[in-house]
Amino acid sequence: MTTILHIDSSILGGYSATRSLTADIVARQLALHPGAQVIRRDLVVDAAMHLSGAHMAVFQGGQVTDPLLGQDLATGGAYIDDLFAADIIVIGAPMYNFSIPTQLKGWIDRVAVAGRTFKYGANGPEGLLTGKKVYLASARGGVYSGASPMAALDHQESYLLAALGFIGLTDVTVIRAEGLALGEEAKAAALAGAKAQIAALAA
């Protein structure tokens, strides 16, 4: 049975473009893979703590003395389990101040773990999460793609593609809606284009 991991990170709730796009992507995947199981992670509603010195001490072999820290470490472990269980991964990633939401960065910090999702070998780091399909729902207020003069400020998609690739997730399709802050007409056109791309996805 196909397993879909659905991750959202936008803080905008019902006003979020990426949440709308990830919902459409998941719906499309369910139509293409009837009976698929969906694992849902809302990183705003149920976010892991950001890494701290206490986390790093445990990673170096220290004892877990704080129940809250122990629960949080279990959440981080579950994030990794989600990735290994999933065949298809759908990630909603808006651009905030040229990068990604802090909630999504926190998730990456918890899943990029040496010995679990990547390892160091004779030829350098090797991602261990292979054979999976990723759909990245990207939204941004300006235009950063192609020959845009703002392209150098894109530390959102570029960072995510690098981070995902590092852990072995290299088969990534980006569904992009940009220029959302350039007026209602531009926003409507961008969202319509992204939704048309989703509707055309094949198995």
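Data for the structure
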read-out: Every residue from the range 43-63 that is open to solvent by 70 Å² or more (accessible area, probe 1.4 Å) and either farther than 20 Å from Lys105 by Cα or among the aromatic types (Phe, Trp, Tyr) (or both); value: Phe59, Gln60, Gln63
read-out: Any hit, the range 114-124, residues being in contact (Cβ under 8 Å) with a residue 40 or more places away in the chain and surrounded by fewer than 17 Cβ atoms within 10 Å (Cβ to Cβ); value: no
read-out: Arg110 of a type in the set (D, E, K, R) and in contact with a helix residue (DSSP H, G or I) (Cβ under 8 Å, 6 or more places away or on another chain); value: yes
read-out: Any hit, the range 161-177, residues being in a helix (DSSP H, G or I), under 16 Å from Arg19 (Cα atoms) and either small (Gly, Ala, Ser) or under 21 Å from the mean Cα position of the chain (by Cα) (or both); value: no
read-out: The range 69-95, residues that are touching a residue at least 12 places away in the same chain (Cβ under 8 Å) and either open to solvent by 20 Å² or more (accessible area, probe 1.4 Å) or in a loop (DSSP other than H, G, I, E, B) (or both); value: Leu73, Thr75, Phe84, Ala85, Ala86, Asp87, Met95
read-out: Answer from Tyr144, Tyr135 - the residue that is at pLDDT 95 or above, part of a loop (DSSP other than H, G, I, E, B), in contact with a strand residue (DSSP E or B) (Cβ under 9 Å, 6 or more places away or on another chain) and crowded, with 22+ Cβ neighbours inside 10 Å; value: Tyr144
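The values are calculated or read from the model by the stated rules, or taken from the named source; none is laboratory data. On a predicted model such as this, the values are computed, not experimentally measured, just so you know. Reconstructed Cβ throughout: ideal geometry from the backbone, glycine too, with neighbour counts over all protein chains shown. With ligands, DNA and RNA removed, areas are computed over all heavy atoms of the protein, side chains included. Shrake-Rupley method; radii C 1.70, N 1.55, O 1.52, S 1.80 Å.
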